[in-house]
Amino acid sequence: MESRATSENAEQVAVTSQPRSRKPAEERREEILAAAAEIAIEEGLERITLRAVAARLGVRPGLISHYFPAAEDLVDEAFARAATIERERFFPTEGPPLERLAHFVQHIDSGASWPLARLWLNARHLSRFTPSLEETLREQDALDRSRLRAIVQEGAAASVFADVDPEWASIRILIAVDGSGSYVNSAGDLSNPAQVRFVADVVEWTLALPPGTLAATP
């Protein structure tokens, strides 16, 4: 009996000695999503578990399940968060359309977009078995297309780009991005100029820009 009491006291001391951090619910939820998005980018969506997120934040798994009872919801929202952050890097909202388009293309050509390309490949594969993730993919794809469509539309209106259908052009360009990104998991050399410049070539051809225009734009 005495031994049991001693053990219980030790457990109580261990629990109470741990620092407790009480944060507003919305702040805590955002913190969880940010950690899950980091795991998604670094390791893949399959590695998002309650334990993995809890370990990254230094909290107990029960706290994560309090905000996300279904792990599937956390995976969906983590992907959406990562895609949203990258969208802001891809598509500036300020500046001339040609400059914004060049930023988008050079972000891809430089390899800066590879982590997200891996994530999209990962998500497209998993979405075959997860309807909710498939819906999230469709939503994020539509948002990317909308942002790109706005740039194309503005450039065409200013006669900087050819007078093309903005939706048609945006779909074609994003297909080129996906095609280029499908090689990011390859162990081979991805520095071949024909491969590096593929997206730029497609964009310039689609919008009737002189070859090299996007690479030459600061």
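Every number here is computed from the coordinates shown, using simple stated rules; none is lab data. The model shown is predicted, which means the values in this text are computed figures rather than measured ones. All Cβ positions, glycine included, derive from the backbone under ideal geometry; neighbour counts span all protein chains shown.
Per-residue Cβ neighbour counts within 10 Å put Asp178, Asp76 in the sequence Asp178, Asp76, beginning with the fewest.
Ranking of Val202, Val177 by neighbouring Cβ atoms within 10 Å, starting from the fewest: Val202, Val177. Here the residues Glu42, Glu30, Glu77, ranked from fewest to most Cβ neighbours within 10 Å of their Cβ, fall in the order Glu42, Glu30, Glu77. Among the DSSP helices (H) of the chain, those spanning at least 15 angstrom by Cα along their long axis with an average Kyte-Doolittle hydropathy of -1.0 or more are 2-17, 25-43, 71-90, 97-109, 114-127, 131-157, 166-181; this is a geometric and hydropathy rule only. Its Cα centre serving as origin, the stretch 2-216 has a Cβ charge dipole (Lys and Arg +1, Asp and Glu -1) of approximately 440 debye.
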